[in-house]
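Participant: Pasting in a structure now, in structure tokens, and then I'll have a few things to ask.
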Amino acid sequence: MNNKNVNEITKAYLLHQPRLVRYIDYRVRNIDLAQDICQDVFLRLLEYDQLILPQTVKALIYTIANNQIVSHTRSFYHNKMMHGVEVMPVDELHYNNVESHLYCSEISEMELKRVSRLPEKRKEVYVLASFEDYSLPAIAQKLSISYRTAESHLFKSRQQVRAFLRECI
């Protein structure tokens, strides 16, 4: 991280944080969770090692926010289906209608079904990356494998899960 990035992130935080919290809150319907996700967005920006330009910072912030929201929703359904744990009441999540909620539930079930049939290492990498928000370097370290091996396992497992979901849908 360089000082130029820190300055850009500081400016972006002051400029975009209030609106970003409202945007995230609209999607997750929980202000505390929205503030946590917003904080995570800016922490991820601080970890970003490439140059951040003023022209692209807003798009980068909202892309990271969307990824965090999707990741949280996926983790929520994973915990609910696999462990019977409710992280947040379902009625607090924002859905356009009941039908879209059912589609999401069915797709999550299909995803978990396919993930359970992956080879063991691929399954571990996929679960850590998709449900537990581990980065590839952290996965490689945790599983004592190289970064490229973790990347390969994640790529191949995502391909297999996507292919399965396309067949089902």
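The values are calculated or read from the model by the stated rules, or taken from the named source; none is laboratory data. It should be emphasised that the depicted structure is a prediction, and the values quoted were computed from it without experimental measurement. Please note: Cβ atoms are built from the backbone with ideal geometry, for glycine as well, and neighbour counts cover all protein chains shown.
Participant: Please identify the pairs in which a residue from the stretch 110-125 that is closer than 25 Å to Y147 by Cβ and touching a residue at least 40 places away in the same chain (Cβ under 8 Å) has its Cβ atom under 6 Å from the Cβ atom of a residue that is in a helix (DSSP H, G or I) and hydroxyl-bearing (S, T, Y), counting only partners at least 6 apart or on another chain.
Facilitator: Correct list of pairs: V115/Y126; L118/S157.
Participant: Which ones in the stretch 44-78 are free of Cβ contacts under 8 Å to residues at least 12 places away in the same chain and under 14 Å from the mean Cα position of the chain (by Cα)? Break it down into steps so the answer makes sense when it comes.
Facilitator: Filtering the stretch 44-78 for residues free of Cβ contacts under 8 Å to residues at least 12 places away in the same chain gives 50, 55-56, 59, 63, 66-67, 70.
If the condition is that a residue be free of Cβ contacts under 8 Å to residues at least 12 places away in the same chain and under 14 Å from the mean Cα position of the chain (by Cα), then T63, N66, N67, V70 are the ones that fit.
Participant: Which residues, taken from the stretch 142-158, are closer than 14 Å to L118 by Cβ and among the hydroxyl-bearing types (S, T, Y)?
Facilitator: Of everything in the stretch 142-158, those that are closer than 14 Å to L118 by Cβ and among the hydroxyl-bearing types (S, T, Y) turn out to be S152, S157.
Participant: Something else: Go through (1) modelled with pLDDT under 90; (2) hydrophobic (A, V, I, L, M, F, W, C); (3) closer than 29 Å to L43 by Cα; (4) part of a helix (DSSP H, G or I) and name the single condition M88 misses.
Facilitator: All conditions pass for M88, except number (4).
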